[in-house]
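Below: one structure, written as structure tokens.
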Amino acid sequence: MAQFLGLDSSTQSLSALLIDTDAGKVIAERSVNFGARLPHYHSPTGFLPNADPSIRHADPLMWVEALDLLLHELRDAGVDLGKIRGISGAGQQHGSVYLNKSVDQVGDWTPSLPLVDQVRPLLSRKTAPIWMDSSTSVECAEIAQAVGGDERVATLSGSRATLRFTGPQIRRFSKTSPGEWQQTAEIHLVSSFIPSLLTGKSINIDLGDGAGMNLLDLSTGQWSDALLEATATGLAGKLKPPVASATLVGEIAGYFVQKFGFAPGTKVVAFTGDNPSSLIGMGASQPGTAVISLGTSDTVFTAMASKRTDPRGYGSVFGNPAGGFMSLACFSNGSLAREEIARRFGLSWGDFATAIVEKTKPGNGGNLLLPYFVPEITPRVLKAGARWFGSDAFVTGQDAAAAARAVVEAQAISMRLHSDWIGEKMHTILVTGGASRNQGLLRVLADVFQATILPLSVANSSALGGALRAAQAVEGRVWPELYATFCPPERALAVTPDSGARPAYDLFATNFAQQLSQI
Ligand code: XUL
């Protein structure tokens, strides 16, 4: 039996997924929802309420308590944690934890005391800014100016100075709370904090998640002196050197051996960000296979053969845990926009498929929608509001079938336009998430990208990515075998492109870009 545990500390929950690579099976899955299970942290959706909507912080002690609770539950459910050979995992990206002394100086945790009581005195900052925080526009501008402009920050770190990224968050903290900043000895990402708890050692940030900080020099894999200096005085001394994602960073602490029955010496592999981890959990770590995740917001990510940055400044580059880099673009008008059209026109998902497959044609007869029902990240649209162009019936909301095609075509073409900088031909696109079984949607994606679309049903790709990475790093398991066993795409549901649709979409792309440039 070869068992590997993947953990995923996300915005709203901490999840565990345990696999057995010999049996080729997922043998346990468990999740602790912060809002439901730890109500005393007053964070129903994973962050603390704040009158200022740009401020989004969470209590890191909530994550600590969740870890104890999750392991208790696994053990109480009869899972023998002693059989686990390796652990890795992922954290929500960009969020940061501030400690007044290094975990290395603590020694092992005391099994008779809850972990949360042992971590509380270590915090130099009571709360952790998370990825939903957008309070750092001044700091982003200051960092960009100090380094020589936005292009320079992007060339160095893979992304322009970005509101939610850790560097700008650190700068804001150092400016607004200089006393607490002075007391900070060590800074962690969520993805280095959790393994630091598990090992009782200070664990390094990995290159995958480290790239989401606006601090890493992607060409050297080291912290960039220029970015460190532009961000905050004394920052260099508060970060351990970054490590490759496959690094064995430590062994399980005695606390977890005594309390939960882990085997002494159980290996812990560096954790990474949830998106890099999903790249692995979706079986997409090689260039040529992209992932489109259809959720509240849609994301497009893909492994990159070589480092490039988005000249338009929307896309980000993170480390690919299997080596090299990955791109990520986030579209806030995902299912939000699709559901808005469904609601307005009284359409079911089945109606969407019929409208696209039977009632309308590629290019939608010239009807075009800019579907920005909420402000958009990619491309940057600050003022919400959909814009309709085309026939009278379409513009006046009398053509439900055209509206269904319009929202899906606009989303697909925007994804194509805003992924062209990656410079990879996407031959195969894995599609996951709520809408990934809709034949109409898959047809449009196949024709717009001229790629084979494969639906994939992996419940928690981020935790699975952790378990697969542990299997690879601890026992040298190879990716193709792991992918074939744990995340096989549903080939029977594949949709292949119709080359006849190509001219219509090339024209549509030009029209879309033109309308977009007007707003
Ligand atoms: C990526 C990002 C989010 C979080 C969600 O840049 O901010 O996808 O990682 O946990």
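The values are calculated or read from the model by the stated rules, or taken from the named source; none is laboratory data. These numbers were taken from a predicted model, which means no experiment stands behind them. As a convention, Cβ positions derive from the backbone with ideal geometry for all residues, glycine included, and neighbour counts pool all protein chains shown. With ligands, DNA and RNA removed, areas are computed over all heavy atoms of the protein, side chains included. Shrake-Rupley method; radii C 1.70, N 1.55, O 1.52, S 1.80 Å.
Quick notes on this structure:
- Computed E for ASP52/GLN222 - FRET, C-beta separation, R0 25 angstrom, nearest 0.05: 0.10
- Simple point charges give the picture: +1 on the Cβ of Lys and Arg, -1 on the Cβ of Asp and Glu, and for segment 259-353 a dipole about the Cα centre of about 280 debye.
- Accessible area (Å², per residue) of the chain, counting only protein heavy atoms and a probe of 1.4 Å: 37
- Computed lengthening from ASP76 to LEU113, 0.36 nm per intervening residue step minus Cα-Cα distance: 11.4 nm
- DSSP beta bridges confined to the chain are antiparallel in about 70 percent of cases.
- Calculated from backbone phi, Karplus (6.51, -1.76, 1.60) coupling profile of segment 179-193 in Hz, x at Gly/Pro: x, 5, 4, 4, 7, 6, 9, 8, 10, 10, 7, 3, 6, 9, 5
- With each label modelled as a point 7 angstrom along the Cα→C-beta vector, the LYS361-ALA492 pair spans 3.4 nm.
- Computed lengthening from GLU29 to ARG344, 0.36 nm per intervening residue step minus Cα-Cα distance: 109.6 nm
- Listed pairs LYS83/LYS259; LYS361/LYS425; LYS361/LYS383; LYS126/LYS267 exceeding 20 Å between Cα atoms: LYS361/LYS425; LYS361/LYS383; LYS126/LYS267
- Distance between the pseudo-spin-label points of THR510 and THR176 (7 Å out from Cα toward the beta carbon): 4.8 nm.
- Highest to lowest packing among 115-128, 465-478, scored as the average C-beta count within 10 Å: 465-478, 115-128
- Net charge of the neighbourhood of LYS175, taken over other residues with C-beta under 13 Å away and scored Lys/Arg +1, Asp/Glu -1, is -1.
- Cα gyration tensor, segment 216-346 - rounded (a/c under 1.5), prolate or oblate: oblate
- Alpha-carbon centroid distance for the pair segment 129-150 / segment 1-30, whole angstrom: 36
- log10 of Debye I(q)/I(0), alpha-carbon scatterers only, for segment 340-432 at 0.19 Å⁻¹: -0.98
- In the chain, helical runs assigned H by DSSP with n ≥ 4 each contribute -39500 (n - 2.57); averaged across all residues and rounded to the nearest 500, the mean residue ellipticity at 222 nm is -10500 deg cm²/dmol.
- Amide H contacts of ILE84: ALA263, each under 5 Å away and 5 or more positions distant or on a separate chain (H built 1.01 Å from N in the peptide plane; Pro and chain starts excluded).
- Shape box of segment 395-519 [Cα atoms, principal axes, largest first, Å]: 59, 29, 28
- Only Lys, Arg (+1) and Asp, Glu (-1) charged, at Cβ; segment 350-493 dipole about Cα centre in debye: 140
- Remark on segment 1-60: Rg and Dmax equal 15.8, 51 Å (Cα only).
- The value for segment 1-113 of Rg(Cα) / (2.2 N^0.38 Å) is 1.21.
- With a simple spin-label model that places each label point 7 Å from the Cα along the Cα-to-Cβ direction, the separation between ALA2 and ILE519 comes to 5.1 nm.
- Where HIS57, HIS42, HIS188, HIS72 fall by accessible area, highest first, once all protein chains stay in place (1.4 Å): HIS42, HIS72, HIS57, HIS188
- Degrees separating the helix 166-176 axis from the principal Cα axis of the chain, which is the longest one: 60
- nm² value of the averaged projected area, convex hull over the Cα atoms of the chain: 23.1
- Cα centroid separation, segment 58-105 to segment 209-237 (Å): 26
- On the basis of the beta-carbon distance and an R0 of 45 Å, ALA263 and THR45 show a calculated FRET efficiency of 0.80.
- 16 Å tail of the calculated P(r), segment 102-150, as % of Cα pairs: 63
- Highest average packing first - 286-295, 373-382, Cβ atoms within 10 Å: 286-295, 373-382
- Taking Cβ atoms as reference points and 15 Å as the exclusive limit, the residues near GLU142 contribute a net charge of +2, counting Lys and Arg as +1 and Asp and Glu as -1.
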